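Below you'll find the structure, written out as C-alpha cells, and then a few comments.
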Amino acid sequence: MSVFVDASALYAVMDHDDSFHGRASIVWKGLLLAEERLITHNYVLLECAALFQNRLGMKAAKEFNDVIVPMLEIHWIDQRVHQAAAAALYISGRKSLSLVDCISFETMRNLGITTAFAFDRHFNELGFKTAAPKPGNR
C-alpha cells in the first residue's frame, strides 16, 4: 500500500515538543515496519525544510534531509499539477487551505493514493483516510 506523507506528520515526528509527537512516532514506526511505500512531493520537502530551519534549527533540518528524506519516494511537481492545484485553491476561496495542501490532494488523486499520514484536517474533509487520528487535528 502507498501512503502519502504530509508535512504536518513529518513535523510531529521530528519535534519532541509537538502535541502530536507521541502518536506520530508510533504511526511512523508502524509504517516503516510494514514497509509501506511512503510518498510525498517536493513542495512538502520545501515546507518541512523551512519549518525545521526556523523552528527547530539547522541541525534538525539537516537530520530531516539526511535521515527522513531518503525513506520517502519523492514526486516532483510539474507545471500541470501546480496549475491544477492553484486553480483548486482559488476556486475554493478558503483562506486556511494552502497551495501545498492542494498539490498534495492533486498528487494523491493522480497516484491513486487514498491514505495520508497527516494531522491536517483538510485531508479528511476532502475524503482521504488518515494514518493519524482525526480528533483534534490541525
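Rule-based calculations on the coordinates, nothing more; no lab input. Computed from a prediction, not measured in an experiment: that's the story for all the values here. Virtual Cβ from ideal backbone geometry, glycine too; neighbours counted across all protein chains shown.
Charge tally around Val81: other residues with Cβ under 12 Å, Lys/Arg +1 each, Asp/Glu -1 each, net 0. Net length available on complete extension from Arg55 to Ala86 is 8.5 nm, with 0.36 nm assigned per residue and the Cα-Cα distance removed. Using C-alpha pairs under 8 Å with a sequence gap of at least 6, the mean separation divided by the residue count of the chain gives a relative contact order of 28 percent.
In a DSSP loop and with at most 16 other Cβ atoms within 10 Å, the chymotrypsin sites (Phe, Trp or Tyr not before Pro) in segment 54-138 are Trp76.
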